[in-house]
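Following: one structure in structure tokens, then a few remarks.
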Amino acid sequence: MARRIDNYLKDLIPAEKMAFYEAVRDFSDSEIAPHLLHWERSHSLVPNSCIQAMGDMGLFGLPIAEAYGGQGGDHTDLVLMGLALAYHSQAVAITPGAAISLGAKPLQLCGSEAQKQAHLPALAKGERMFVFGLSEPGRGSDAANPQVTAVKKGDRWVLNGEKCWSTNARWASHVVVHALTNPTGPNGKRSTCFIVPMNQKGVFYQEMQGKKVWEQSSTGSIMLENVEVPHDAILGAENDGFKVMVTTLNGGRLFIASLALGSLAFALDKCRVYAEERIQFDDKPIGRFQRVQDVIVDMDIALESGLTWLLHLCRLYEAGTLSREQAAKIKVECSRRASDLIVLAMEICGGVACFDEFGLIRHHNDLFVTRVGEGSNFALKDLIVRPLRQA
Ligand SMILES: Cc1cc2nc3c(=O)[nH]c(=O)nc-3n(C[C@H](O)[C@H](O)[C@H](O)COP(=O)(O)OP(=O)(O)OC[C@H]3O[C@@H](n4cnc5c(N)ncnc54)[C@H](O)[C@@H]3O)c2cc1C
């Protein structure tokens with residue numbers, strides 16, 4: 001069966017990008033889809049062999065310049081990878097996705113030349129992974145003023161506190177810690193980002209247990225107890241940490257939108273096939289009922305419009321003209337539209353939608369993360385409304 005998403009993508013992207021998307025799609029079909037149920041039922045994270053295979057394909061280095069050992073691609077490639085992998089599993093997609101868009105990206109955007117030389121080649125191969133240490137138990141949406149502190153001691157800094165929700169923590173070589181360094185400074189100029197090795201004395205990682213979304217993705221809590229780092233561990237400028245974090249999130253939010261659309265694309269194909277196969281009343285398929293058709297048509301419209309908008313914003317991102325509001329809006333819209341529609345998609349499939357092997361329940365659960373991750377949708381609307389309130 002031809003996928004609806006492929007039908008739209010081929011008109012939206014050039015042939016060489018389509019070939020890349022198809023290669024990741026085929027990998028996802030052959031190396032991920034057949035194993036997902038087993039991974040889920042055995043509660044395992046993405047296996048190392050799968051991470052290795054994605055590394056061998058060059059996925060971890062997609063938008064990293066060739067000079068640093070990457071593929072020299074762009075944000076569109078990253079989003080295409082997200083669409084192709086999330087069609088089966090957002091949890092698998094977020095593994096290279098977060099490693100790039102939250103891990104390597106702050107380094108690419110704000111790192112010194114020495115930091116780039118030191119880390120990007122290993123990050124591009126997937127041999128090293130950075131995690132994004134913004135969220136804390138007491139600082140979620142209100143992230144500008146971290147409770148994790150960094151205090152200067154001679155030519156070194158001492159970090160204390162706890163980060164949580166750190167995606168990829170299980171495999172991380174380093175965490176980029178957003179820490180309070182200037183408590184009395186103006187808002188937005190109170191924090192600094194530090195590159196901290198996970199094997200540094202005083203760093204402790206624990207996998208967060210009981211998560212029922214993105215089940216194969218590692219989500220860790222990272223404790224920092226008197227962790228000492230040198231001054232050159234600072235990423236970006238001192239007291240500019242919040243700027244490093246929010247600049248990174250612009251690209252990350254486009255990636256989250258791609259995960260939502262990948263799930264929506266799967267749900268659309270699943271439902272339109274099922275609606276023609278499932279026979280009820282007068283030996284005819286349920287796809288003849290107009291209410292069933294409504295849901296399928298709404299999914300199709302949401303997919304085509306979401307893809308068109310997202311790929312347009314990727315071009316703005318590459319041109320350096322994407323605004324924070326634009327990145328927030330697509331994340332909000334794709335995540336809420338896809339997660340609202342998947343409930344209806346499950347309803348038109350009836351009881352069978354409850355089963356893990358049918359696939360929709362996985363996407364239903366994972367779509368919840370796209371609503372709260374990288375900025376909760378409700379909180380992001382505070383940002384989106386600002387230009388609308390100017391006279
Ligand atoms: C699976 C997963 C992976 C994650 N990975 C990472 C990661 O790698 N690195 C990282 O740093 N973080 C990560 N996060 C954290 C994520 O970014 C936060 O969950 C998110 O920022 C929201 O914070 P919170 O959950 O503490 O919710 P809170 O800030 O407590 O907000 C709860 C709710 O209150 C409402 N609310 C809050 N503020 C406002 C407002 N201003 N206006 C209107 N309503 C508001 C919203 O409904 C919001 O959903 C991850 C989260 C999940 C679930």
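The values are calculated or read from the model by the stated rules, or taken from the named source; none is laboratory data. As the structure is a prediction and not an experimental result, all values here were calculated from the model. No Cβ is skipped: glycine too gets one built from the backbone with ideal geometry, and neighbour counts run over all protein chains shown. Accessible surface is based on the protein model in full, side chains and every heavy atom, while ligands, DNA and RNA are left aside. Shrake-Rupley method; radii C 1.70, N 1.55, O 1.52, S 1.80 Å.
Details
- Cα gyration tensor shape of region 1-65, rounded if a/c is under 1.5, else prolate or oblate by comparing a/b with b/c: oblate
- Over all other residues within a Cβ to Cβ distance under 14 Å of K10, the charged ones net out to -1, with Lys and Arg as +1 and Asp and Glu as -1.
- Region 322-375 and region 187-250 have their alpha-carbon centroids 27 Å apart.
- Shape call, region 248-376: gyration tensor on alpha carbons, a/c limit 1.5: prolate
- The per residue volume of the convex hull around the alpha-carbon atoms of region 276-342 is 80 Å³.
- Taken along the Cα-to-beta-carbon direction at a fixed 7 Å, the label points for H38 and K381 span 4.5 nm.
- In a DSSP loop and with at most 13 other Cβ atoms within 10 Å, the chymotrypsin sites (Phe, Trp or Tyr not before Pro) in region 337-391 are F355.
- The trypsin sites (Lys or Arg not before Pro) of region 198-244 meeting both criteria, a DSSP state outside H, G, I, E and B (loop) and at most 15 other C-beta atoms within 10 angstrom of the site's C-beta, are K201, K211, K212.
- Net charge of Cβ neighbours under 12 Å - reference I342; Lys, Arg +1; Asp, Glu -1: +1
- Every helix of 4 or more DSSP H residues in the chain counts as -39500 (n - 2.57), and over all residues that averages to -16000 deg cm²/dmol at 222 nm.
- Subtracting the Cα-Cα distance of A122 and S30 from 0.36 nm times their residue separation leaves 30.4 nm of extension gain.
- Estimated dipole of the chain in Debye, rounded to 20 [Cβ of Lys and Arg +1, of Asp and Glu -1, Cα centre]: 1100 debye
- Put W214, W165, W171 in order of accessible area, highest first, and with a 1.4 Å probe you get W165, W171, W214.
- Choice from A237, A144, A84 with maximal GNM fluctuation in the chain (Cα, 10 Å cutoff): A237
- Under Karplus coefficients 6.51, -1.76 and 1.60, residue-wise ³J(HN,Hα) of region 142-150 in Hz, glycine/proline x: 8, 8, 5, 10, x, 8, 5, 10, 10
- Residues whose amide H falls under 5 Å from that of S112, counting only those 5 or more places apart or on a different chain, are G236, with hydrogens built in the peptide plane.
- Computed as a quarter of the hull surface, the mean projected area of the alpha carbon convex hull for the chain stands at 20.3 nm².
- Entries in K152/K201; K211/K381; K243/K331; K116/K243 that, when Cα-Cα distance is taken, lie over 22 Å: K211/K381
- L249 - accessible surface, heavy atoms, 1.4 Å probe, Å² rounded to 10: 10 Å²
- Counting charges near H38 (Lys, Arg +1; Asp, Glu -1) among other residues having Cβ under 14 Å from its Cβ returns a value of -3.
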